[in-house]
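Chemist: Following this message is one structure expressed as structure tokens.
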Amino acid sequence: MRKCLFILLLVTMCLSTVQAQQTPRSDGPDDLLRWVPLAATVGMKIAGVDSQSSWKRMAVNSLTTLALTAGVTYCLKHTVHSMRPDKSDHYAFPSGHTSVAFANATILHKEYGHVSTWISVGGYAVAAFTAYDRVRRDRHHWMDVIAGSAIGIAGGELGYWLGDKITGERKNSQLVFVPNGVNFSYSF
């Protein structure tokens, strides 16, 4: 299962890079930068860092998250027809790079936010830089990246909720407040 998820990640990153090279104006570092939080998630899982999910749950929830995010983004791009600031095409709204970056940051947060808050901060910082760079290079307006970030985060939340319904699994640890204190449970 680890090898399959790692191969899926590599294929997805390669396909996005190939697609960008086929466009008249390559999108530069954003093509790979948007995948950094997901690569960090898979890398930490392979390294044995304690995540909130089994491999199965993480794979299903990540794929569900990315499918929802990409689906909503694609539908909006082909419905709204907003012109890019550089006038290269009319698929600016919402920013796909930003929505994927924030979806991947949300996956990282869901899996490893309990280990350290800085892991979540790092993932969302990479996503925020991706959004900033899209605006800086005249590929998007601020509203495009704001919408993309909202779609990515919402896709992550909905993807994990729906993925848990599909797999029947839940996160490994649970913090419960009871009248006489705090109860912490961990399931395998």
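Chemist: At 1.4 Å probe size, with no ligands or nucleic acids counted, give the accessible surface of His114 in Å², nearest ten.
Modeler: 90 Å²
Chemist: While we're on this one: Place a point 7 Å from the Cα of Asp86 along the Cα-to-Cβ direction; which residues of region 129-150 have their backbone N under 19 Å from it?
Modeler: 129-146, 148
Chemist: Still on this model: Only loop residues by DSSP count here, and only those with at most 13 other Cβ atoms within 10 Å; note down the trypsin sites (Lys or Arg not before Pro) in region 87-141 that meet that.
Modeler: Lys87
Chemist: If you don't mind, there's one more thing I want to ask. So what are the ³J(HN,Hα) numbers for region 66-78, from phi and the Karplus equation (6.51, -1.76, 1.60; θ = phi - 60°), rounded to whole Hz, Gly and Pro as x?
Modeler: 5, 5, 5, 4, 5, x, 5, 4, 4, 4, 5, 4, 8
The values are calculated or read from the model by the stated rules, or taken from the named source; none is laboratory data. On a predicted model such as this, the values are computed, not experimentally measured, just so you know. Cβ: placed from backbone, ideal geometry, glycine included. Neighbour counts: every protein chain shown. Accessible surface is based on the protein model in full, side chains and every heavy atom, while ligands, DNA and RNA are left aside. Shrake-Rupley method; radii C 1.70, N 1.55, O 1.52, S 1.80 Å.
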